[in-house]
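The values are calculated or read from the model by the stated rules, or taken from the named source; none is laboratory data. Nothing here was measured: the structure is a model prediction, and the numbers come from that model. Cβ coordinates were reconstructed from backbone atoms using ideal geometry, including for glycine residues, and neighbour counts include every protein chain displayed. Note: accessible area is taken over every heavy atom of the protein model, side chains too, but ligands, DNA and RNA are not part of it. Shrake-Rupley method; radii C 1.70, N 1.55, O 1.52, S 1.80 Å.
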Amino acid sequence: MKLQCDVEVVNRMLPTFGIKSRGKGTRAVLSIGKHLDKTNQRCNVYMMICTAKDRSGSKYKLKGNIEKFFTWFVEEGKATVRLKEPAVDICLSKADANSLKNFLSAARLADKGSDTSSLPLSTLTPVRARDVEQPKKKLTIVSKKDYPLTSNFPYSLEQLQVSYCRLSRVDMRMLSLKALRKLDLSNNHIKKLPATVGDLSCLSELILHNNHLETFSDALCLSTLQRSLQVLDLSQNRLQFLPAQFCQLRELVNLKLDDNSLVCLPFHIGRLSKLRFLSAAHNQLAVLPSDFRKLSLENLDFFGNPFIQANALDHTMELTFPLSLQEMASRAVSNHRLPYGPHLIPAHLCQDLERAKTCGCGRVCVNFYIKTAVSMNLHQVSHTVVLVDNMGGTDAPVQQHFCSLSCYSEFLDNSFQRGIR
């Protein structure tokens, strides 16, 4: 049984001499195994601690020698083993939580004098220098021949790049790296992301440039990524749409969607209030959602999209007279901001309310409305705008919804008076 972690051996007698421990662990390898006790010529079970300065290791007898285990923070990779003789506390930190639990279980059995045949013992030998190096925070693999097939990724990684390795799926070993802040899987052949990517609670950057992704799942949008993800690169994939729940990723600052096949942006994209950099060049966008007006960007790139020519007279009529009772009730719920949820009304009605549109008059329409597209200068939402086309334009069509004929007529009157078509 071996464990890699940071270790500090604290002598409990030091305070009596007015000496404080330095309070900082050293990278070490801990082993539990048999060792010949020279005093009685019998083999006993010992714990050996090897560090970079002492690769031969210091040994501590375990049988009947452990006074107490302190395991309040074992889920964080921390624990303390208090020995009777010598009077030291062995403080463990920065360990893999599961490996630490297994190691402590073996130490408990050894303390109780359990049959050694039931213990996962190791050979107590000096360690290699590389085994006691400081934990690795960053790893870059850009060749298939360098990809680890038989060994795990260092548990301490905060940045991992695996590119040009022809991965067709995300390696599940990566998803156990709980300290991971940046994951770069660009230039592979990944078709689908597992929902468990959302369990990487520290992940702030996810780079998936140039893969074969066709979808971005609802589960990822509703995972812990809502609270951590700031940079997302989905460029050069095969995406045709993003789910409505995508706008739950409200910590996003930088979003890259270039070179996909997107026909629309998420309906509630305006909810991404922290978004500052948006790039969706070379897609199939014909018109932008009405919520797009709410964004406040620093840089915006929509070059190479087949935007339609906005004309307020071209419209889609989705109104009926009179309005259905469901529509009137839905509008009342939205306009009066009444609470709702699947515990109060059917789930499909909740989905309708989530996609409610706001008319120019400020009132809401749900499933019945008049829709048209109006031209908007993109400088209204972004400080810097990459030209939309080769003609030097920075205007793009944005959807506009009207809750009634009177609102649409008033809009047209105002447009004609300003000389806008």
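When the residues Thr224, Thr320, Thr150 are ordered by accessible surface, computed with a 1.4 Å probe over the protein chains alone, the sequence from largest down reads Thr150, Thr320, Thr224.
Once backbone amide H atoms are built at 1.01 Å from N, Ile141 has Gln161, Val162, Ser163 as its partners under 5 Å, excluding neighbours fewer than 5 places away on the same chain. Whole-Hz Karplus values for segment 174-179 come out as 5, 7, 9, 8, 5, 8 Hz, taken residue by residue from phi with 6.51 cos²θ - 1.76 cosθ + 1.60 and θ = phi - 60°; glycine and proline positions read x. Are any of the pairs Lys145/Lys274; Lys112/Lys138; Lys78/Lys192; Lys68/Lys138; Lys2/Lys68 more than 32 Å apart by Cα-Cα distance, and if so, which? Lys145/Lys274; Lys112/Lys138; Lys78/Lys192; Lys68/Lys138, as the Cα separations exceed 32 Å there. In this simple spin-label model, placing a label point 7 Å from the Cα along the Cα-to-Cβ direction at both Met328 and Lys84 gives a separation of 8.4 nm.
Measure off, as a whole percent, the carbon and sulfur share of the 1.4 Å-probe accessible area of the chain, all protein chains present.
Working: 11370 of 22470 Å².
Summing carbon and sulfur atoms, their accessible area is 51 percent of the total for the chain.
Taking all protein chains together, Glu133, Glu251 sort by accessible area into Glu133, Glu251, largest first [probe 1.4 Å].
Each residue of segment 398-411 is assigned a 3J(HN,Hα), and the resulting list reads 10, 5, 9, 10, 10, 7, 7, 4, 5, 5, 5, 4, 5, 4 Hz, derived from the Karplus form 6.51 cos²θ - 1.76 cosθ + 1.60 (θ = phi - 60°), x at Gly and Pro.
Probing with 1.4 Å while keeping every protein chain in the model, the per residue accessible area of segment 315-420 equals 59 Å². Under 5 Å between amide hydrogens, built in the peptide plane, is the criterion, and for Ser122 it picks out Ile32, Gly33, Lys34 among residues at least 5 positions away or on other chains.
Using a probe of 1.4 Å on the protein chains alone, the accessible area found for Thr358 is around 80 Å². Output the pairs from Lys94/Lys178; Lys34/Lys178; Lys63/Lys178; Lys94/Lys144; Lys294/Lys357; Lys256/Lys371 with a Cα-Cα distance over 23 Å in this structure; if there are none, say none. Correct reply: Lys34/Lys178; Lys63/Lys178; Lys94/Lys144; Lys256/Lys371. Just so you know, the Cα atoms of the chain work out to an Rg and Dmax of 30.7, 105 Å. Phi angles of segment 183-192 translate, via the Karplus equation with coefficients 6.51, -1.76, 1.60 and θ = phi - 60°, into HN-Hα couplings of 10, 10, 10, 5, 6, 10, 10, 6, 9, 8 Hz per residue; Gly and Pro are given as x.
For the chain, what is the percent of antiparallel DSSP beta bridges, rounded to the nearest 5?
65 percent
Using DSSP, restrict attention to beta bridges with both residues in segment 18-174 and report what percent are antiparallel, rounded to the nearest 5. Beta bridges within segment 18-174, antiparallel portion: roughly 85 percent. Note on Phe241 and Lys294: the extension gain reaches 17.1 nm, defined as 0.36 nm multiplied by sequence separation minus the Cα-Cα distance. Taking every protein chain into account, the accessible area of segment 136-284 amounts to 46 square angstrom per residue (probe 1.4 Å).
Of the residues Lys371, Lys84, the one with the largest accessible area comes first in the ranking Lys84, Lys371, computed with a 1.4 Å probe on protein heavy atoms. Modelled spin-label separation between Arg108 and Lys138, with each label point placed 7 Å from Cα along the Cα-to-Cβ direction: 4.1 nm.
In this simple spin-label approximation, Ile345 and Ser117 carry label points 7 Å from Cα along the Cα→Cβ vector, and these lie 7.0 nm apart.
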